[in-house]
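As structure tokens, the structure follows; a few thoughts come after it.
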Amino acid sequence: MEIKFMERALELAEKGIGHTNPNPLVGAVIVKDGKIIGEGCHEYFGGPHAEINAFKNAGEDTSGATMYVTLEPCSHYGKTPPCAEAIVKKEIKKVIIAMKDPNPKVSGRGIKILRDNGIEVITGVLEERSRKLNEIFIKYITTRSPFCILKSAMTLDGKTAAVSGDSRWITNEESRNYVHRLRHRVSAIMVGVGTIIQDDPFLNTRLGEVKGRDPIRVIVDSSARIPLSANVLNFNSEAGTIIAATELAADGKRTELERKGAEIIITPMADGQVDLKALMKALGERGIDSVLLEGGGELNYSAIEADIVDKVNIFIAPKLIGGNKARTPVGGEGRQYMKEAVLLRDRKTYTFGEDIMIEGYIRKEG
């Protein structure tokens, strides 16, 4: 029964995807006499937490009930009062928690409040699933640096475009829909200026009849070469555009871009290019908790070398196009020996029609 009710809490937590950043995804279920009497989730950033929404939803008195919650109830005053105190006031008898708060500044305090008030607390129920669901939050709250997902699509022979540069479409519609769900989930999407010049994308979220959230568009552009006519600077979106440049960007071009509504971030240079580590730090300081990297081979290689990539989603379509000069997902100088290859851990494979997606996490040293 504990598994069943926690699974429901996790289902509820998923409803907040794309709306709670940089807060976590949390679901809560209140159970009394073996049945659910109230449930809720954290619906949007700044809104009531899951526990409070579950109390509001409860159809009867919650005293003596058990609460299932996917993340340790908060213990501090932020945009909302502490949920741990609300649980005490509502006379909940038992709280079952999937995972402790990963924030080292507050971890365990919510649990302590509950136990100090005579409430039984059990932790670790479906913890791995909760951690997977909140992998973005965990990285951001512990490092203040965005969780970075490198996404690319290629043919079976490893090409991201034909020799002509044509890349529409490598993958099928089902795969592309999944990518738009990824865009809805993250705070920002990052590409290099070469992608803007070559393809002139909008970098928005398109989910059909469902309204998705556009990510902030981050263009890595050392010398501010982006055309003022680029779509990312000229279409109506609630999300803004950031140009990540260096001192190579002319003052006049910076002014023109700012007039277009873009924000300019000037980073130090690393090998003559934007320092990606410094850029991620600057994005984190702006509350950007996650980045979907949809760059070309050069930017992807630079991101891997800068050690900013956490997760990889590579789509593979059952197509062969060949071409010695056709682009590949990761370019750059490359590693000299196979023993230097970047390894992926916790790998999973998904299918989208005839396409395959391989997901894995960059294996960090140590």
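Computed values, structure above
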quantity	calculated
Qualifying residue in the range 95-103 (condition: out of contact with any strand residue (DSSP E or B) (no Cβ under 7 Å at 6 or more places or on another chain) and open to solvent by less than 40 Å² (accessible area, probe 1.4 Å))	yes
Strands (runs of 3 or more DSSP E) wholly inside the range 308-366 that include at least 1 residues being in contact with a Leu (Cβ under 7 Å, 6 or more places away or on another chain)	311-317, 355-362
Filtered residue count, the range 31-55, keeping only those that are touching a strand residue (DSSP E or B) at 6+ places or on another chain (Cβ under 9 Å), open to solvent by 10 Å² or more (accessible area, probe 1.4 Å) and part of a loop (DSSP other than H, G, I, E, B)	2
Selection within the range 349-366 - surrounded by 10 or more Cβ atoms within 10 Å (Cβ to Cβ) and either in contact with a strand residue (DSSP E or B) (Cβ under 7 Å, 6 or more places away or on another chain) or closer than 22 Å to Gly295 by Cβ (or both)	Thr349, Tyr350, Phe352, Asp355, Ile356, Met357, Ile358, Glu359, Gly360, Tyr361, Ile362, Arg363
Inter-residue pairs, beta-carbon under 6 Å, first without any contact (Cβ under 8 Å) to a residue 60 or more places away in the chain and in the range 179-193, second not aromatic (Phe, Trp, Tyr), 6+ apart	His180/Thr205; His180/Arg206; His180/Leu207; Val193/Ile219; Val193/Asp221; Val193/Arg225; Val193/Ile226
Pick from the range 17-30, criterion in contact with a Phe, Trp or Tyr (Cβ under 8 Å, 6 or more places away or on another chain) and part of a loop (DSSP other than H, G, I, E, B), ranking: most open to solvent (accessible area, probe 1.4 Å)	His19
Residue among Arg181, Arg254, Arg176, Arg217 that alone is in contact with a helix residue (DSSP H, G or I) (Cβ under 8 Å, 6 or more places away or on another chain), surrounded by 14 or more Cβ atoms within 10 Å (Cβ to Cβ), among the basic types (Lys, Arg) and not in a loop (DSSP other than H, G, I, E, B)	Arg217
Within the range 143-173, considering residues that are of a type in the set (A, V, I, L, M) and surrounded by fewer than 19 Cβ atoms within 10 Å (Cβ to Cβ), the one farthest from the chain's Cα centre (by Cα)	Val163
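The values are calculated or read from the model by the stated rules, or taken from the named source; none is laboratory data. This is a predicted model, so every value here is computed, not measured. We place every Cβ from the backbone using ideal geometry, glycine too, and count neighbours over all the protein chains shown. Side chains are part of the model used for accessible areas, which takes the heavy atoms of the whole protein and leaves out ligands, DNA and RNA. Shrake-Rupley method; radii C 1.70, N 1.55, O 1.52, S 1.80 Å.
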